[in-house]
1. So, in the range 173-197, exactly how many residues are outside any helix (DSSP H, G or I), farther than 13 Å from residue 142 by Cα and not β-branched (Val, Ile, Thr)?
2. Take the range 38-71 and flag every residue that is touching a residue at least 24 places away in the same chain (Cβ under 8 Å) and in a loop (DSSP other than H, G, I, E, B).
3. How many residues does the range 269-293 contain that are surrounded by fewer than 21 Cβ atoms within 10 Å (Cβ to Cβ) and either of a type in the set (Ser, Thr, Tyr) or at positive phi (or both)?
4. Among the residues of the range 394-431, what is the count of those that are within 19 Å of residue 244 (Cβ to Cβ) and among the charged types (D, E, K, R)?
5. Specify the residue that is nearest to the ligand (Cβ to nearest atom); the eligible residues are those in the range 174-186 that are buried (at least 22 other Cβ atoms within 10 Å of the Cβ) and more than 15 Å from residue 252 (Cα to Cα).
6. Among the candidates 303, 266, which residue alone is at negative phi and surrounded by fewer than 18 Cβ atoms within 10 Å (Cβ to Cβ)?
7. Of all residues being outside any strand (DSSP E or B) and among the charged types (D, E, K, R) in the range 216-239, which is nearest to the chain's Cα centre (by Cα)? Just the residue, please.
8. What's the number of the only condition in (1) in contact with a His (Cβ under 9 Å, 6 or more places away or on another chain); (2) modelled with pLDDT of 95 or more; (3) not polar (S, T, N, Q) that residue 151 fails to meet?
Amino acid sequence: MFGVFSVSLGVLIAFTLAIVVIYFYLRDVTQKKHAILRNFPLVGHLRYFFEQLGEYFRQYFFLGDRAERPFNRATRSWVYRLAKNEGGILGFGSTYDLHEPGALIFVNAPFAVLESDRLPTPPLAMGEGWCEKPFVTRSLINISGMSFGAISEPAVRALSLGAAKAGCWIDTGEGGLSPYHLEGGCDVIMQIGTAKYGVRDEQGRLSTEKLRDIAARENVRAFEIKLSQGAKPGKGGVLMGVKVTPEIARIRGIPVGEDSLSPNRHPDIANINELLDMIIRVRDITGKPVGIKTALGGWEFMHQLTEAIARRGLSDAPDFIAIDGGEGGSGAAPQALADHMGLSITEALPRAVDALLEAGIKERIKVIAAGQLINPARAAWALACGADYVNTARGFMFALGCIQALRCHTNTCPTGITTHNPKLQRGLVVEEKFERVANYCLNMNKEIDMIAHSCGLHHAREFRREHVRVARADGNTIALNLLYPYPTLRSV
Ligand SMILES: Cc1cc2nc3c(=O)[nH]c(=O)nc-3n(C[C@H](O)[C@H](O)[C@H](O)COP(=O)(O)O)c2cc1C
């Protein structure tokens, strides 16, 4: 009796399977979208499956330590170790290729600075003498703009708590100020994006009342008018509808579930004079330093800016300029712009600094640099070029546990950083990850100082271009101050 039952169950299963196979076979051969499936029904699915898996196989098994992009495994592991407080220590020797074009080599001093003679990094003020409440800050490394929307609630909370512990600032990105940015009590730079999320009136124009309300919060130390970001100059913020939750919609002042696309330019800023007018307006309303964030395509913008400041006076200048390299990241960017638009920070930063030096206004306008400056050596290079501070977004994402799955725009981030799916956010434990954020920041500052001491400097603000050499195509190196000579002061 039992035998007959099991035979008929087996027949039933086989019959069902056959029906399923025939159904999918017919579906594949008759569909018109995928050539492979029309020609190779059923087995053609394996291609798509392996294509997806290939990404992970390559990452884990086949790619060398220095092979991946945007960040190779050696760099990511360095950040993970800094974040876990495991020290940036290697055994046996480095796999860094000193001869590869662009390799950075710092000029070691014959007599390094004695430990007893080392000095802490001095604090630096933005807007001192030019606004009511200048922003005095010490950390060389800070959290670059990532909007609440592009990144999740637990991610913003962990960043805010970590920034408070480490003493660095968090930039809100263009999605407005959320309670999560304020949770840790850290310094906050409020970004004003092209849609003016968080400070917009009904018509999408800058609202004086909202700006004043936000400026009244003590922790909000400065405002940043975003002209562009390196990953997508000329394109506004893009937040896919799947990521526009009711809370994000409320903070931004937009409909739930619809794509959030900000204008590709501030509608009210079409030239340098309008930019400077806006800077003055925001500074007058808030009493706090106001800067700009931009990618550079050439030198014209910087020259026009310095000329306008020379004409109008130093009181009309931005208090800081954040230069974002073309290699910068984004929650979502069109490939055409991500791959091909905007100069790399390697070229943009020294040239931007030169324009300010030439005009004699480098002291007045602080420079913030970003663009894959996620390890101590790259950050020290930026300081040597003339940056006053370094920002990083993805360095802090790695500190939060990012595995570079490259899915920030899909709401399926496996580590909970760029998704609003609560099941995936569960993996990001704020109480654990905020410590890593703080460790990463503190260890970055410490290792930058370590490089400075080896160069014979008392602290990292003493870096100059002559402290770095850069490998050229022939494998020999050239001093950074010969590659980018310091300009002479333009006579005024
Ligand atoms: C997920 C994500 C979201 C971002 N959101 C913003 C934003 O809202 N506003 C902005 O100016 N830049 C944004 N950026 C760019 C970063 O602030 C930064 O300028 C750029 O990624 C370069 O730094 P990095 O190479 O250290 O990541 C975002 C970047 C990422 C990865």
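1. Residues of the range 173-197 outside any helix (DSSP H, G or I): 176-178, 183-197.
Now narrow it down to the ones that are farther than 13 Å from residue 142 by Cα: 176-178, 183-185, 190-197.
From what's left, not β-branched (Val, Ile, Thr): 176-178, 183-185, 190-191, 193, 195-197.
So the answer is 12.
2. 65, 66, 68, 70, 71
3. 1
4. Adding up the residues that qualify gives 2.
5. 186
6. Details: 266 fails: surrounded by fewer than 18 Cβ atoms within 10 Å (Cβ to Cβ).
Exactly one residue qualifies, and that residue is 303.
7. My answer is 232.
8. Of the numbered conditions (1) in contact with a His (Cβ under 9 Å, 6 or more places away or on another chain); (2) modelled with pLDDT of 95 or more; (3) not polar (S, T, N, Q), the odd one out for residue 151 is (1).
The values are calculated or read from the model by the stated rules, or taken from the named source; none is laboratory data. None of the values given here were measured: they were computed from a predicted structure. Cβ atoms come from the backbone with ideal geometry, glycine included; neighbour counts cover every protein chain shown.
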